[in-house]
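The values are calculated or read from the model by the stated rules, or taken from the named source; none is laboratory data. Because the structure is predicted, anything quoted here is derived from the model rather than measured. As a convention, Cβ positions derive from the backbone with ideal geometry for all residues, glycine included, and neighbour counts pool all protein chains shown.
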Amino acid sequence: MKEKQTKQAKPSGGKLWAKVYKYKGFYLMFLPVFVFAVIFFYAPMLGVRYAFTDYNGIKDPTFNGFANFAKMFGMNNFWSAFGNTIVISVVKLLLTTAAAVIVAIFLNEIVNLMFKKVVQTIIYLPHFMSWVVTASIFALILSPSSSGLVNSFLVNIGVLDSNSTIYFMGTSRWWRPVYYIVNLWKETGWQTVIFMATLAGINTDLYEAAAIDGAGRWAKMRYVTFPQLKNTILTVIILNLAKVMNLFESAFVMQNDAVLDVSNVLETYIYYQTFNSGAIPNYGYTTAVGLFKSLVGCVLVLVCNHWSKKVREGRGIV
Amino acid sequence: MKKKVVSVLLVAAMVASMTGCGGNDAGTSDAGTSDAGTSDAGSVDAGTADTGAAEGDDAAASDVEKPEEITIMFDGTVPTAENGQEQFIAKLEELTGIKINVIQPDHDAYYDVVGQQIAGGDWPDVLILASTQMSSYGAEGVLWDMADAWNSSELKTRQEAYNGAGVVESMFIDGHLYGMPATHGNGCVTYIKQKWLDDAGITSLPTTFDEYYEDLKKMKEAESVDYVLAASGFLNAEAPYINYLPEFYQDAWPTFYQKEDGTWADGFTEDSMKAAMERIAQGVKDGIIDPETNSYATSDVRNKFYDDSLGVFTYWAGTWATNIKTNCENNGLDGTMAVMEPIAEIKAGVQGQHDNAGGYIDRVSPAWCITTQCENPEGVFKYFIEAMQDGADTQFLWTYGVEGVHWSTAAETLYAGTEDEKVYADGEFHMEDNLETPGTQYTKAHIDPMLALTELANDPRDTTVQPEAMAAQELFNSNSVGAFVTPSTDVMNEKNGDLMTEKQALVAKVALGQMTVDEAYAEYESGGYAQMSQDIVDSLNAQ
């Protein structure tokens, strides 16, 4: 056994094909995955070349250098969408993570197992609801009409006059807070899963030791639980930070004409460029925007990986 | 050895599953279940298949080869799978002798999918397009110019005899005809619930905006409702843009139009548009217009009208009058509707055609187009497009659907035991209960009988079209003006997406009181949108 491990640890480059033959079963199993990745992940990347062309999907693309990028950087709507993407994604990430940590710690403190499971199930469920349904529900709840739950409540307790209800979903000032709240409602529960797993793995000796030292519940949380969660929190944040540019469905289903200035993100900007003109879009331009988005995302991944090495004692995430 | 066998089996299973996925031509289905159409194709005499063509047309028909198989793409205005599409296509195959493959995306996403289909390079032979898309795709060479085919066709003669040819002529763009409408474009009229009028003590319909607005206020007060009317968006992105709030827009037109002297202009920058935005903002402020118009889909507005949250609804004339009545009655409401003639301000200035006397907008009808990838466009025109309006069996199918599915002459009682019970004697033509939404009868298959461009022999429309639908349609026909097709330019293709998005945003913000009209136009200027608009105008004038 030991001899076999040594052989595996020191492969000889010259006998590559012999090794491939030897482990042909594994390579055969890997083949479909490889083919899948090439066809669906790498081959589409050839489409990146359209970013440097005028291309409407009908006539052959014509090379135009960096004209699409020049146009993109000169468009107010592009910069607005770029800023919105960063702000909305980062704030959403921080809020959702913070809420998930707090909820996970509270859940961990619940001693009645049945009650704990019921609570967990209830807070996980919204995650499985489609964004379209979620947006419709909140549109009803937040409606400015007398059937809107929130406005009716505010009117009934005297905060608002019945003639001055708030159109939460259609007001720039309110749209983002509403968006964050909806995200908290939908995703907090699901995000607690990873923190609950970490909490379950904390050595109970630490709590006993803390108790012997006179620590109460709050002190245990502060000096045992939270430090043990720190690595997981940072890893989750870093991993999700790399994905901040990918924001479409949730923003798309909740936005409307009146709040585009605060809700239009890069992916919805691409969508509107493609489908809102009533004319034939320039796929070259929308590809350029998509490429820019991907490049920013790529840089964020690398930066996050660099940070993660510090957090994870030299081990990067990617 | 065992592991190897397992691994080989796993690989085989994965490869098989991937192959299976690849083999499914998503979105394309052979809707016909019968091969009758195909097998008969070779034996059907051309003149026989074109059931409505005059005898003299047979000679021309013999010069045009009939296609054996075509792929057609259409939206939800043709029977869906849930509404007997399979039987519809089978019957169509039988009548035309052409095997027909169908692509029918979700109605609301139709133009998104059309864009993807065209960009993907696998174009259908025939597809239905709205005027804007027809203009764009025509200019890019996607669509076959059917001008010559139409000019020399029997169809043109039949349309001329029925006052339908003018609709086709209005669709010419620089001498090219890229699509054949199946009907008049139709448009929207304003429906008011009679009960709301009665409750408010209103005895005559308003004829001016001031009267209209006063009446809306009275109805709001009488019914103690939050709002009186709503629409699906303050400004629509697609033509005719403003048809759901005509009394508020009046003579305003939010995009490009051709002036009497032949030059082009952007109506968004004109005073009429600014005044329209002021009126809409005041309507929202006064609780007349539902502010959620900003985010409503048409179905939301319909449902609010049906559940009595709203009393005024600007919507399609004709068969929709019956749908509105029926749905209100199904909710226990009085379904009697008053249909308003356009107010004086609309009549005084036509939306989009500022220099003529006006009315409601008769939109440019969606049209059936043949793509340039079609191998036999003359044959498709002759045996599919032209047959659709043959005045006989094929037109009957496109109008009323399939016997036993969409209509029947058998003795039958519909909705037995309910207030809506309808008893039909043997031989009495009647539409069947809707398969998708039981409780309502079909009103048409694709061609609205009241909007046909050619006469249909033995048309039973007098027995199928309800009086309220006929009344609404006649009012519209007497009080509407035709819209026009705006040509497309490269500059428009490049810039109009951003421009339209910004226009919609500004109108919405002004409507909701988040911005004044002056602030909106200042932003329009400073954001570079005025310049974009001018660039498009220049490109249109340079054509």
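Some points to look at:
- Qualifying residue in the stretch B:238-258 (condition: more than 30 Å from A:Tyr271 (Cβ to Cβ) and either in contact with a Lys or Arg (Cβ under 6 Å, 6 or more places away or on another chain) or not acidic (Asp, Glu) (or both)): yes
- Members of the stretch B:484-543 that are of a type in the set (S, T, N, Q) and in contact with a strand residue (DSSP E or B) (Cβ under 7 Å, 6 or more places away or on another chain): B:Thr486, B:Ser533, B:Asn541
- The listed residue being at pLDDT 95 or above, under 22 Å from B:Glu86 (Cα atoms), of a type in the set (A, V, I, L, M, F, W, C) and surrounded by fewer than 23 Cβ atoms within 10 Å (Cβ to Cβ), out of B:Trp407, B:Trp398: B:Trp407
- When every residue of the stretch B:491-508 is checked against the conditions, at least one turns out to be within 11 Å of chain A (Cβ to nearest Cβ) and surrounded by fewer than 20 Cβ atoms within 10 Å (Cβ to Cβ).
- Here the stretch A:272-299 is the region considered, the condition is being crowded, with 19+ Cβ neighbours inside 10 Å and aromatic (Phe, Trp, Tyr), and the residue that is farthest from A:Asn64 (Cα to Cα) is A:Tyr272.
- Within the stretch B:277-327, being among the charged types (D, E, K, R) and within 17 Å of the chain's Cα centre (by Cα) holds for one residue alone: B:Arg302.
- Selection status of A:Thr198, within 14 Å of chain B (Cβ to nearest Cβ) and among the polar types (S, T, N, Q): no
- Listed by first and then second residue, the pairs with beta-carbon distance under 8 Å, at least 6 apart or on different chains, first residue in the stretch A:232-257 and among the polar types (S, T, N, Q), second part of a loop (DSSP other than H, G, I, E, B), are A:Thr235/A:Arg312; A:Thr235/A:Ile317; A:Gln255/A:Asn264; A:Asn256/B:Ser295.
- Scanning the stretch B:376-393 for residues that are within 16 Å of B:Lys91 (Cα to Cα) and of a type in the set (A, V, I, L, M, F, W, C) returns B:Phe384, B:Ile385, B:Ala387, B:Met388, B:Ala392.
- Any chance A:Thr97 is under 21 Å from A:Leu199 (Cβ atoms) and modelled with pLDDT of 90 or more: yes
- Matching helices (runs of 4 or more DSSP H) fully within the stretch B:431-543 where at least 2 residues are over 30 Å from A:Arg173 (Cα atoms) and over 20 Å from the mean Cα position of the chain (by Cα): B:461-464, B:467-478, B:490-511, B:529-541
- Matching residues, the stretch A:255-271, being surrounded by 21 or more Cβ atoms within 10 Å (Cβ to Cβ) and among the aromatic types (Phe, Trp, Tyr): A:Tyr269
- Residue among A:Asn77, A:Asn64 that is within 26 Å of B:Ala139 (Cα to Cα) and within 14 Å of chain B (Cβ to nearest Cβ): A:Asn64
- Residue that is modelled with the highest pLDDT [pool: residues in the stretch B:458-514 that are of a type in the set (D, E, K, R) and within 30 Å of B:Val142 (Cβ to Cβ)]: B:Lys503
- When residues in the stretch A:54-88 are screened for being of a type in the set (Ser, Thr, Tyr) and at pLDDT 95 or above, 1 of them pass.
- In this structure, B:Ser232 does not qualify as among the small types (Gly, Ala, Ser), closer than 30 Å to B:Pro487 by Cα, out of contact with any strand residue (DSSP E or B) (no Cβ under 7 Å at 6 or more places or on another chain) and not in a loop (DSSP other than H, G, I, E, B).
- Pairs with Cβ under 8 Å, 6+ apart, first in the stretch A:22-49 and within 30 Å of A:Gly65 (Cβ to Cβ), second among the hydrophobic types (A, V, I, L, M, F, W, C) and part of a helix (DSSP H, G or I): A:Val48/A:Leu291
- For the stretch B:392-402, a residue qualifies if it is more than 20 Å from the chain's Cα centre (by Cα) and more than 19 Å from B:Thr440 (Cβ to Cβ), and the qualifying residues are B:Ala392, B:Asp393, B:Thr394.
- Qualifying residues in the stretch B:195-236 (those that are within 13 Å of another protein chain (Cβ to nearest Cβ) and aromatic (Phe, Trp, Tyr)) - the one surrounded by the fewest Cβ atoms within 10 Å (Cβ to Cβ): B:Tyr227
- The set of residues from the stretch B:240-274 being within 20 Å of B:Ala530 (Cβ to Cβ) and aromatic (Phe, Trp, Tyr) comprises B:Tyr241, B:Trp253, B:Phe256, B:Tyr257, B:Trp264, B:Phe268.
- A:Val119 surrounded by 14 or more Cβ atoms within 10 Å (Cβ to Cβ), part of a helix (DSSP H, G or I), of a type in the set (A, V, I, L, M) and without any contact (Cβ under 8 Å) to a residue 24 or more places away in the chain: yes
- Residue under evaluation B:Asp210, criteria (1) without any contact (Cβ under 8 Å) to a residue 24 or more places away in the chain; (2) under 28 Å from B:Thr319 (Cβ atoms), criterion not met: (2)
- Among residues of the stretch B:83-141 being closer than 23 Å to B:Asn186 by Cα and in a strand (DSSP E or B), the one that is farthest from the other protein chains (Cβ to nearest Cβ) is B:Val126.
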